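The values are calculated or read from the model by the stated rules, or taken from the named source; none is laboratory data. In this text the structure is predicted, and so the values were computed from the model without any measurement. Cβ sites come from the backbone with ideal geometry, for glycine too, and all protein chains shown count toward neighbours.
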Amino acid sequence: MAVGKIIIAGNWKMHKTQAEALEFLTVLKSNVEETDEAREIVLCVPFTALSILSKSLHGGKVRLGAQNVHWEDQGAYTGEISGPMLTELGVDYVVIGHSERRQYFGETDETANLRVITAQRHGLTPILCVGETKQQRDAGEAESVIINQLQKGLVDVDQSKLVIAYEPIWAIGTGDTCDAEEANRIIKVIREQLSNQKVTIQYGGSVKPNNIDEIMKQSDIDGALVGGASLDPVNFARIVNYQ
Ligand code: 13P
């Protein structure tokens, strides 16, 4: 069940060379030939793999995503990437405000907001990530933290071309998945904050072949943002082809 369009995205983070990316794609493609067209498959890969994957994906059912975009179209911003650089490569999606960007690279709700607006201006669909730490959850602050992230992250944002990923930080890369029903509850809280009820809201955090069926059974979860398990094409295909 789902409310918005179903989107299963892999976030490769800082993994895979171009050669490894191509090898992955060959295996993935052969495992998603029968996948229901209603399920959008997205690979959010390092900048260096975008070009080669773009050429190999052309016309296929897998879409391409980046992991960051700067809010200026060009300028003296060493290490950043711009919207026109991404759209030229046929990129459709971009992950914004991931907790790793917030934790290690100083991303804030305000900079995430600028990036979301810029992504949309260039025709990219932003995947805005929100989620609480273990400490915030234990203090009963999960809802308020997420609502605050959304209020700041969505200022002046067009909700007709938007994806939100609920990624509880304590569930990322830990194998400690958020209980599917609890993820669904929080995703309902997120939906209450939105003016467009059809926004795709994904769950992310230790999504694996053995828990995706339960996750996608929930009423309000419209997809997944998959880290570690998206690095193996057979595992990722199993997630995409959830029952
Ligand atoms: P894992 O699936 O490795 O927990 O990572 C989740 C994530 O951060 C996706 O963006």
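Quick grid of which residues meet (1) away from the ligand (no atom under 16 Å from the Cβ); (2) touching a Cys at 6+ places or on another chain (Cβ under 7 Å); (3) free of Cβ contacts under 8 Å to residues at least 60 places away in the same chain; (4) of a type in the set (S, T, N, Q):
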| residue | (1), (2), (3), (4) |
| --- | --- |
| 56 | yes, no, yes, yes |
| 65 | no, yes, no, no |
| 72 | yes, no, yes, no |
| 75 | yes, no, yes, no |
| 85 | yes, no, yes, no |
| 91 | yes, no, yes, no |
| 94 | no, no, yes, no |
| 97 | no, yes, yes, no |
| 101 | no, no, yes, no |
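With respect to residue 149, determine if the residue is buried (at least 18 other Cβ atoms within 10 Å of the Cβ), part of a helix (DSSP H, G or I) and of a type outside the set (A, V, I, L, M). Spell out the reasoning first.
Details: buried (at least 18 other Cβ atoms within 10 Å of the Cβ): yes; part of a helix (DSSP H, G or I): yes; of a type outside the set (A, V, I, L, M): yes.
So residue 149 passes the test.
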Quick check: is even one residue across the range 154-170 touching a strand residue (DSSP E or B) at 6+ places or on another chain (Cβ under 8 Å), of a type in the set (D, E, K, R) and part of a helix (DSSP H, G or I)?
no
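If I filter the range 82-109 down to residues being surrounded by fewer than 18 Cβ atoms within 10 Å (Cβ to Cβ) and in contact with a strand residue (DSSP E or B) (Cβ under 7 Å, 6 or more places away or on another chain), which single residue comes out as modelled with the lowest pLDDT? Spell out the reasoning first.
In the first step, residues of the range 82-109 are kept if they are surrounded by fewer than 18 Cβ atoms within 10 Å (Cβ to Cβ); the result is 84, 87-90, 92, 103-106, 108.
Imposing the further condition that a residue be in contact with a strand residue (DSSP E or B) (Cβ under 7 Å, 6 or more places away or on another chain) reduces the set to 90, 92.
Working: 90: 95, 92: 98.
That would be 90.
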Hits in the range 12-45 - residues which are under 21 Å from residue 101 (Cα atoms), crowded, with 18+ Cβ neighbours inside 10 Å and not aliphatic (A, V, I, L, M)
12, 13, 16, 44
Note down all Cβ pairs under 9 Å where the first residue falls in the range 18-40 and is closer than 9 Å to residue 233 by Cα and touching a residue at least 24 places away in the same chain (Cβ under 8 Å), the second is among the aromatic types (Phe, Trp, Tyr) and surrounded by 11 or more Cβ atoms within 10 Å (Cβ to Cβ), and they're at least six residues apart or on different chains.
24/12; 24/236; 28/236; 31/236
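Looking only at residues in the range 63-119 that are part of a helix (DSSP H, G or I) and of a type in the set (Val, Ile, Thr), which one is farthest from residue 169 (Cα to Cα)?
Residues of the range 63-119 that are part of a helix (DSSP H, G or I), as a first pass: 83-87, 99-104, 109-119.
Now drop any that are not of a type in the set (Val, Ile, Thr), which leaves 87, 111, 116-118.
Numbers: 87: 30, 111: 19, 116: 20, 117: 24, 118: 25 Å.
Here the answer is 87.
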Restricting to the range 120-131, count the residues that are more than 26 Å from residue 168 (Cβ to Cβ) and part of a helix (DSSP H, G or I).
1
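Output the residue which, of all residues in the range 222-232 that are among the aliphatic types (A, V, I, L, M) and surrounded by 19 or more Cβ atoms within 10 Å (Cβ to Cβ), is farthest from residue 8 (Cα to Cα). Explain how you work it out, then say what you get.
Applying the first criterion (among the aliphatic types (A, V, I, L, M)) to the range 222-232 yields 224-226, 229, 231.
From the residues that got through so far, the ones that are surrounded by 19 or more Cβ atoms within 10 Å (Cβ to Cβ) too are 224-226, 229.
Values: 224: 5, 225: 6, 226: 8, 229: 12 Å.
Checked the range 222-232; the qualifying residue farthest from residue 8 (Cα to Cα) is 229.
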Tell me, which residue of the range 195-243 that is among the small types (Gly, Ala, Ser) and within 11 Å of the ligand (Cβ to nearest atom) is nearest to residue 151 (Cα to Cα)?
204
Every residue in the range 205-221 that is surrounded by 19 or more Cβ atoms within 10 Å (Cβ to Cβ), touching a helix residue (DSSP H, G or I) at 6+ places or on another chain (Cβ under 8 Å) and touching a residue at least 60 places away in the same chain (Cβ under 8 Å), please.
205, 218, 220, 221
With respect to the numbered conditions (1) within 26 Å of residue 45 (Cβ to Cβ); (2) within 16 Å of the ligand (Cβ to nearest atom); (3) of a type in the set (A, V, I, L, M, F, W, C), which one is the sole condition not fulfilled by residue 146?
(1)
Any residue in the range 167-180 that's modelled with pLDDT of 90 or more and surrounded by 18 or more Cβ atoms within 10 Å (Cβ to Cβ): show its pairings with residues that are part of a helix (DSSP H, G or I) and acidic (Asp, Glu) at Cβ separation under 7 Å, as long as the two are six or more apart or on different chains.
180/214
In the range 42-81, how many residues are modelled with pLDDT of 95 or more and in contact with a Ser or Thr (Cβ under 8 Å, 6 or more places away or on another chain)?
10
